[in-house]
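Asker: Quick one: the structure is below, and I'll ask about it shortly.
The values are calculated or read from the model by the stated rules, or taken from the named source; none is laboratory data. Values in this document were obtained by computation on a predicted structure and should not be read as measured data. Here the Cβ positions follow ideal geometry from the backbone for every residue, glycine too, while neighbour counts run over all protein chains shown.
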Amino acid sequence: MLIVMDKNATAAQIDQVVRTIEVRGFTARPIPGGDRVSIGILNNAGPVDPALFAGLPGVKDAIPVTRPYKLVSREIQPADTLIRVGKVTIGQGHLTIMGGPCAIEGEAPAMAIAEQVKAAGGQIFRGGAFKPRTSPYTFQGLGLEGLKIMAKIRERFDMPVVTEVMDGETFDQVEEYADIVQIGTRNMQNFSLLKRAGQSRRPVMLKRGMSATLEEWLMAAEYILAGGNSNVILCERGVRTFVRHSRNTLDLSVVPVILKESHLPIIVDPSHAAGVRDQVLPLSRAAVAAGAHGLMVEVHHQPDQALSDGAQSLYPEQFITLCGHARRMHAMLQE
Ligand SMILES: O=C[C@H](O)[C@H](O)COP(=O)(O)O
Ligand SMILES: C=C(OP(=O)(O)O)C(=O)O
């Protein structure tokens, strides 16, 4: 249920609605809008009777919410969420390009890649310090040292940085160094991690679980918003299918559906979907054409020597082409 207040509802009238909700053991979540406040009702197991609110002063409407997810839903918040990270805005009307290596492998290589990402027009630098690897014998990331390198990159290139958090134990550390905290596909339904992310002061980029339905993904995002953090960016990165011509199957059909269902920004990671660099440029163009608000792309100055994901990492000159094509495509769609 969403209670929509009159444009000129007073603070006392809003308080009265909040109390009417809370006295029944539910949670009230006031949502300030452009010209009026709405109040979402959370933690109700079943439907709430709209008649409870119809007669209260300052109430314009009581609208039942038909989806299982609430705070992430457009029913509760029709206006797009725009997320500001440094000088970059992520969301409707913007195309945010994030680029960088799969993993931070050392200061010198990371700096070399960051310089090229920035020169190509990338706005946010990506890189893993804590790496979720299939094999325990492969490179696991530099951990804290990797985070410190990312912080230096932010300073030197004036670029916000995004990096993955893998568990609750290292959350504080990652949050201290990252501008955006990434939750990877393997952790999309790690509910204790999602609850911790809900308390974070940083925007969270939530990648879609590799076999998650739209509803499971949005419910995972709901955990973060319900915890108090409304700055969530969704990232489609491909789902597992039977095909062998790509590492995963990029599900671009999810982009227009997310745009309809949710006010949260959605970006696309074509690199993990493709698994091979040749597919990354066409998939990036297609993602922008489908309405994505951004791209996250793996780039390496020497992909053949990368410690992880070399095959899907672009050469810097390919990233320059990608940024140009994506920006032209986005500009055309704004006309
Ligand atoms: O981003 C990099 C991931 O850690 C990588 O894709 C994991 O895959 P792998 O360990 O199977 O190579
Ligand atoms: C591990 C990553 O991606 P995913 O969680 O999508 O596999 C990544 O972006 O570094």
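Asker: Just checking, which of His263, His330 is out of contact with any helix residue (DSSP H, G or I) (no Cβ under 8 Å at 6 or more places or on another chain) and away from ligand 2 (no atom under 16 Å from the Cβ)?
Answerer: Values: His330 fails: out of contact with any helix residue (DSSP H, G or I) (no Cβ under 8 Å at 6 or more places or on another chain).
The conditions single out His263.
Asker: For Phe157, state whether it is surrounded by 16 or more Cβ atoms within 10 Å (Cβ to Cβ) and away from ligand 1 (no atom under 16 Å from the Cβ).
Answerer: Yes, satisfied.
Asker: Further question on the same structure: Kindly indicate which of Lys207, Lys152 is closer than 21 Å to Thr81 by Cβ and touching a helix residue (DSSP H, G or I) at 6+ places or on another chain (Cβ under 9 Å). First the steps, then the outcome.
Answerer: On the way: Lys152 fails: closer than 21 Å to Thr81 by Cβ.
Only one candidate passes the filter, namely Lys207.
Asker: Now, a different point. Residues to consider are Asp251, Asp309, Asp269; find the one that is more than 23 Å from Ile83 (Cα to Cα), in contact with a Cys (Cβ under 6 Å, 6 or more places away or on another chain) and touching a residue at least 12 places away in the same chain (Cβ under 8 Å).
Answerer: Details: Asp251 fails: in contact with a Cys (Cβ under 6 Å, 6 or more places away or on another chain); Asp269 fails: more than 23 Å from Ile83 (Cα to Cα).
Sole residue among the options that is more than 23 Å from Ile83 (Cα to Cα), in contact with a Cys (Cβ under 6 Å, 6 or more places away or on another chain) and touching a residue at least 12 places away in the same chain (Cβ under 8 Å): Asp309.
Asker: How about region 299-327: which of its residues are among the polar types (S, T, N, Q) and either within 16 Å of ligand 2 (Cβ to nearest atom) or assigned to a loop (DSSP other than H, G, I, E, B) (or both)? Step through it out loud before you land on a result.
Answerer: The first filter runs over region 299-327 and keeps only residues among the polar types (S, T, N, Q), leaving 302, 305, 308, 312-313, 318, 321.
Gln302, Ser308, Gln312, Ser313, listed by residue number.
Asker: All but one of (1) under 17 Å from Met98 (Cβ atoms); (2) within 16 Å of ligand 2 (Cβ to nearest atom); (3) assigned to a helix (DSSP H, G or I); (4) not hydroxyl-bearing (Ser, Thr, Tyr) hold for Ala292, so report the exception by its number.
Answerer: It fails just one condition, (3).
Asker: Also, quick follow-up: Which one of Gly25, Gly55, Gly34 is of a type outside the set (A, V, I, L, M, F, W, C), free of Cβ contacts under 8 Å to residues at least 12 places away in the same chain and not assigned by TED's automatic domain parsing to the domain that holds Met159? Steps first, please.
Answerer: Working: Gly25 fails: free of Cβ contacts under 8 Å to residues at least 12 places away in the same chain; Gly34 fails: free of Cβ contacts under 8 Å to residues at least 12 places away in the same chain.
Only one candidate passes the filter, namely Gly55.
Asker: Looking at Glu145, Glu155, Glu105, Glu164, which one is within 14 Å of ligand 2 (Cβ to nearest atom) and farther than 28 Å from Ala287 by Cα?
Answerer: Values: Glu145 fails: within 14 Å of ligand 2 (Cβ to nearest atom); Glu155 fails: within 14 Å of ligand 2 (Cβ to nearest atom); Glu164 fails: farther than 28 Å from Ala287 by Cα.
After ruling out the rest, the residue left standing is Glu105.
Asker: Quick one: count up the residues across region 306-325 that are hydrophobic (A, V, I, L, M, F, W, C), in contact with a helix residue (DSSP H, G or I) (Cβ under 8 Å, 6 or more places away or on another chain) and farther than 12 Å from Asp278 by Cα. Reasoning before the result, please.
Answerer: Initial filter on region 306-325 (hydrophobic (A, V, I, L, M, F, W, C)): 306-307, 311, 314, 319-320, 322-323.
With the extra rule that they be in contact with a helix residue (DSSP H, G or I) (Cβ under 8 Å, 6 or more places away or on another chain), the set shrinks to 311, 314, 319-320, 322-323.
Okay, now just the ones that are also farther than 12 Å from Asp278 by Cα, so 320, 323.
So the count comes out to 2.
Asker: Still on this model: State whether one or more residues within region 85-99 are crowded, with 16+ Cβ neighbours inside 10 Å and within 16 Å of ligand 1 (Cβ to nearest atom).
Answerer: yes
Asker: Has region 60-72 got at least one residue that is crowded, with 20+ Cβ neighbours inside 10 Å, farther than 27 Å from Val232 by Cα and of a type outside the set (A, V, I, L, M)? Let's see the steps before the verdict.
Answerer: Keep residues of region 60-72 that are crowded, with 20+ Cβ neighbours inside 10 Å, which gives 62, 69-72.
Those left that are additionally farther than 27 Å from Val232 by Cα: none.
No, region 60-72 has no match at all.
Asker: Of all residues in region 259-272, count the ones that are crowded, with 24+ Cβ neighbours inside 10 Å and either under 15 Å from the mean Cα position of the chain (by Cα) or among the hydrophobic types (A, V, I, L, M, F, W, C) (or both).
Answerer: Count: 8.
Asker: A further question on this structure: Just checking, which of Ile83, Ile39, Ile76, Ile63 is at pLDDT 95 or above and either over 21 Å from Arg186 (Cα atoms) or in the same structural domain as Asp167 (by TED's automatic domain parsing) (or both)? It would help to see each step written out before you state the result.
Answerer: Details: Ile39 fails: at pLDDT 95 or above; Ile76 fails: at pLDDT 95 or above; Ile63 fails: at pLDDT 95 or above.
On inspection, the qualifying residue turns out to be Ile83.
Asker: Look through Ala212, Ala220 and report the one residue that is buried (at least 22 other Cβ atoms within 10 Å of the Cβ) and in the same structural domain as His293 (by TED's automatic domain parsing).
Answerer: Values: Ala212 fails: buried (at least 22 other Cβ atoms within 10 Å of the Cβ).
That would be Ala220, the only listed residue that is buried (at least 22 other Cβ atoms within 10 Å of the Cβ) and in the same structural domain as His293 (by TED's automatic domain parsing).
Asker: Within region 74-84, can you find the residues that are among the aliphatic types (A, V, I, L, M) and either within 16 Å of ligand 1 (Cβ to nearest atom) or assigned to a strand (DSSP E or B) (or both)?
Answerer: Within region 74-84, the subset among the aliphatic types (A, V, I, L, M) is 76, 79, 82-83.
If the condition is that a residue be among the aliphatic types (A, V, I, L, M) and either within 16 Å of ligand 1 (Cβ to nearest atom) or assigned to a strand (DSSP E or B) (or both), then Ile83 is the only one that fits.
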